[in-house]
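Chemist: Below is a structure I'd like to ask you about.
The values are calculated or read from the model by the stated rules, or taken from the named source; none is laboratory data. The shown structure was predicted, so the numbers you read here are calculated from the model rather than taken from an experiment. So basically every Cβ, Gly included, is an ideal-geometry build from the backbone, and we count neighbours across all protein chains shown. Each accessible area value is taken on the protein alone, full model and side chains, heavy atoms only, with ligands, DNA and RNA left out. Shrake-Rupley method; radii C 1.70, N 1.55, O 1.52, S 1.80 Å.
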Amino acid sequence: MSATLAPLTESRRDRRRRERLEEAEAAIPVELYGLKRGTVSVMTACCVLFAIFTLVPVAWIIFNSTKTQANIFGTFGFWFARPFEFFHNFRMLFTNVDDDGTYIQWFGNTALYAVLGGGGATALAAFAGYGFARFDFRGSKAYFYFIIGALLVPVGAITLPLYLVYAKAHLINSIWGMILPSLVSPVGVYLMRTYIGLSVPRELVDAARIDGAGELRIFFRIALPLMVPGLMTVLLLSVVGVWNNYFLPLIIFSDNNKFPLTVGMGLWSQHATTSGDQNLYPLIVMGGLVTIAPLIILFLILQRYWRSGMLLGSIAN
């Protein structure tokens, strides 16, 4: 049996060696980019520093999610301390502390807002981006520039008008007051228009029209599969935007049971500062860890689509 498996093992080893050689041959040498070795070293060092700057808060929150409140303030922040309270803090996270509301309720609200708002924003961005990229109609450029101009309007400038409109439309303390504004994503429209211009050949769309395909069939059967990497990018940006939104739910919700995680944990932080409750700081740290975990998982799942989108863009260019 060993003699039988030996050729198979050897062939697998040869195949891996051949794949590594092919990857090495396909890699573009640094010289072809016109970059000197010193420049590459400097850029690599900057990337490493940026990675450290990004990961340090995550490391701090992981270590301190295992501590009591006394250890959070009295021990070194980047290492563990006894007693190990991770599981206790996790259990306490789902209790109703001081009748402010429960973390599980806020987590469910946030997931609902993110799925409906982020998913809806991605769908609308796909339709709008395809329309701007593949249809020529009067005023298309003016409409597109108007949408992009919305990026220049600060959120604080529309706070009072938005609240007055919500009051007239009876959207205060309504989940639709959170979801409807989340459906509008000027960044998503811009990204999808740019991506479709590169990934969906106009000749392919014209050929489908000549063959008698309708516009909806062209969009869903031909264009949409080519748009997947761009859609995943817009989806992640939209979901993260809704997930981390603090200002909008703060002004439209007064019912604690409809708070998202950002506002709910902000309420805990305010009460911890004013009341000195020893149970709140460990819960805030643990809540922060649980809050970022879905976003990290989502990023890890969708990153392969970004790679394919980047390669497609480089080939098109």
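Chemist: Going through Gly230, Gly212 one at a time, which residue ends up being over 30 Å from Ala167 (Cβ atoms) and either touching a strand residue (DSSP E or B) at 6+ places or on another chain (Cβ under 6 Å) or part of a helix (DSSP H, G or I) (or both)?
Modeler: After applying the criteria, what remains is Gly230.
Chemist: Just one of Arg138, Arg91 is more than 21 Å from the chain's Cα centre (by Cα) and more than 30 Å from Leu216 (Cβ to Cβ); which is it?
Modeler: Of Arg138, Arg91, the one residue that is more than 21 Å from the chain's Cα centre (by Cα) and more than 30 Å from Leu216 (Cβ to Cβ) is Arg91.
Chemist: For a quick check of your reading of the model, give me the residue pairs whose first member lies in the range 67-84 and is under 19 Å from Leu289 (Cα atoms), whose second is crowded, with 18+ Cβ neighbours inside 10 Å and among the hydroxyl-bearing types (Ser, Thr, Tyr), with beta-carbon atoms closer than 6 Å and at least 6 apart or on different chains.
Modeler: Gln69/Tyr281; Ile72/Tyr281; Phe80/Thr66; Phe84/Thr66
Chemist: Sticking with this one: Which condition from (1) of a type in the set (Ser, Thr, Tyr); (2) exposed (fewer than 15 other Cβ atoms within 10 Å of the Cβ); (3) touching a Phe, Trp or Tyr at 6+ places or on another chain (Cβ under 6 Å) is the one that Thr273 breaks?
Modeler: The failed condition is (3).
Chemist: While we're here: Being of a type in the set (Val, Ile, Thr), open to solvent by 30 Å² or more (accessible area, probe 1.4 Å) and touching a Gly at 6+ places or on another chain (Cβ under 6 Å) is the filter here, so list the residues in the range 245-270 that pass it.
Modeler: Hits for the range 245-270: nothing passes.
Chemist: Identify, please: which residue in the range 205-227 is loosely packed, with under 13 Cβ neighbours inside 10 Å and among the hydrophobic types (A, V, I, L, M, F, W, C) and is, among those, farthest from Leu116 (Cα to Cα)?
Modeler: Result: Ile210.
Chemist: For the range 105-127, check the following and say yes or no: at least one residue is without any contact (Cβ under 8 Å) to a residue 24 or more places away in the chain and crowded, with 18+ Cβ neighbours inside 10 Å.
Modeler: Within the range 105-127, none of the residues are without any contact (Cβ under 8 Å) to a residue 24 or more places away in the chain and crowded, with 18+ Cβ neighbours inside 10 Å.
Chemist: What are the residues in the range 130-174 that are in contact with a Phe, Trp or Tyr (Cβ under 7 Å, 6 or more places away or on another chain) and under 30 Å from Asn109 (Cα atoms), if any? Give the steps one after another, and end with the answer.
Modeler: Looking only at the range 130-174, we keep the residues that are in contact with a Phe, Trp or Tyr (Cβ under 7 Å, 6 or more places away or on another chain), and these are 130, 132, 140, 144, 148, 155, 172-173.
Answer for the range 130-174, where residues must be in contact with a Phe, Trp or Tyr (Cβ under 7 Å, 6 or more places away or on another chain) and under 30 Å from Asn109 (Cα atoms): Ile148, Val155, Ile172, Asn173.
Chemist: Let me spell it out: the conditions are (1) open to solvent by less than 20 Å² (accessible area, probe 1.4 Å); (2) over 23 Å from the mean Cα position of the chain (by Cα), and Phe146 meets all of them except one. Which number is the exception?
Modeler: (1)
Chemist: Just to check your reading of the model, which residue among Leu171, Leu216, Leu224 is in contact (Cβ under 8 Å) with a residue 60 or more places away in the chain, farther than 30 Å from Phe259 by Cβ and among the aliphatic types (A, V, I, L, M)?
Modeler: Exactly one residue qualifies, and that residue is Leu224.
Results for (1) of a type in the set (Lys, Arg); (2) open to solvent by 20 Å² or more (accessible area, probe 1.4 Å); (3) under 22 Å from the mean Cα position of the chain (by Cα); (4) under 30 Å from Phe253 (Cβ atoms), shown as yes or no for each residue.
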| site | (1), (2), (3), (4) |
| --- | --- |
| Leu162 | no, yes, no, yes |
| Leu180 | no, yes, yes, yes |
| Val184 | no, yes, yes, yes |
| Val187 | no, yes, yes, yes |
| Met192 | no, no, yes, no |
| Leu198 | no, yes, no, no |
| Arg202 | yes, yes, no, no |
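Chemist: Output yes when any residue across the range 50-67 is more than 30 Å from Trp243 (Cα to Cα), modelled with pLDDT of 85 or more and open to solvent by 60 Å² or more (accessible area, probe 1.4 Å), and no when none is.
Modeler: Taking every residue of the range 50-67 in turn, none turns out to be more than 30 Å from Trp243 (Cα to Cα), modelled with pLDDT of 85 or more and open to solvent by 60 Å² or more (accessible area, probe 1.4 Å).
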